[in-house]
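To keep things clear, I will list the structure first and then write my remarks on it.
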Amino acid sequence: MTWKTSDPEVRFGLYSAYGERCYWCNRPFEYINLTVDHVIPQGTEATDLRNIIAKYGLPADFKIEHFHNWVPAHMLCNRRKTDDLYRHTPAMLATLEHIATVAPEAQRIAERVRANNGEINILLKFETALISGAISIEQSQDIIRRAQVDKSGWRVLEQKDGVETVTNGRVVALRPDPWNNDLSWICGNCWQPGPWQGNICTFCGVRSTPD
């Protein structure tokens, strides 16, 4: 299956899987401001890519144009990063490892949308309406929230004072809403903002306490 960063289902999958946040600054942002950033630059030569794969222990079939190399980003963060190759550092290794854990969920969402002709047509119309100004940014974010389903099937029950009450049909939990910039919600184990059931991060199951 071929994917392109211009595909609306790819954009939606990345935006949803990463919690509507820019990967680089971790701040929430509106769908209309979404750009898809290549962690390993798009113009990387084949020889350089082979060296990167070897250095970081990446799968031999690692592709520049795939979910394991894409993250959602603000336009400004994307530009600041530039197209320079990152040095081989523990931080870069941790970045690629973290993206590898989220990429399957982003791809799953994209595949779900692509497999449903009705859903892909709605998403295309949604992007057209958003770009043309036929719907407001506030309306667009409400539509996104209603459409999103993460890997555990969470849906929003209530949104109040920067916090969402969500359920997956089995438990009720809390997570920050897309405009909540409080980084204390981020789990120190999986780097996700929950959802939290008490002091348990339901994303990874580790017991902790958001400040």
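Miscellaneous remarks
Results for (1) modelled with pLDDT under 90; (2) surrounded by fewer than 20 Cβ atoms within 10 Å (Cβ to Cβ), shown as yes or no for each residue.
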{"site": "Met1", "(1), (2)": "yes, yes"}
{"site": "Ser6", "(1), (2)": "no, yes"}
{"site": "Val10", "(1), (2)": "no, no"}
{"site": "Tyr15", "(1), (2)": "no, no"}
{"site": "Glu30", "(1), (2)": "yes, yes"}
{"site": "Ala46", "(1), (2)": "yes, yes"}
{"site": "Leu49", "(1), (2)": "yes, yes"}
{"site": "Tyr56", "(1), (2)": "yes, yes"}
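- Residue among Arg108, Arg80 that alone is in a helix (DSSP H, G or I) and at pLDDT below 85: Arg80
- Each residue in the range 111-138 was checked for being part of a helix (DSSP H, G or I) and either of a type outside the set (S, T, N, Q) or open to solvent by less than 50 Å² (accessible area, probe 1.4 Å) (or both), and 19 of them qualify.
The values are calculated or read from the model by the stated rules, or taken from the named source; none is laboratory data. Just so you know, these numbers come straight off a predicted model, no measurement behind them. Reconstructed Cβ throughout: ideal geometry from the backbone, glycine too, with neighbour counts over all protein chains shown. These area figures cover heavy atoms from the full protein model, side chains too; ligands, DNA and RNA do not enter into them. Shrake-Rupley method; radii C 1.70, N 1.55, O 1.52, S 1.80 Å.
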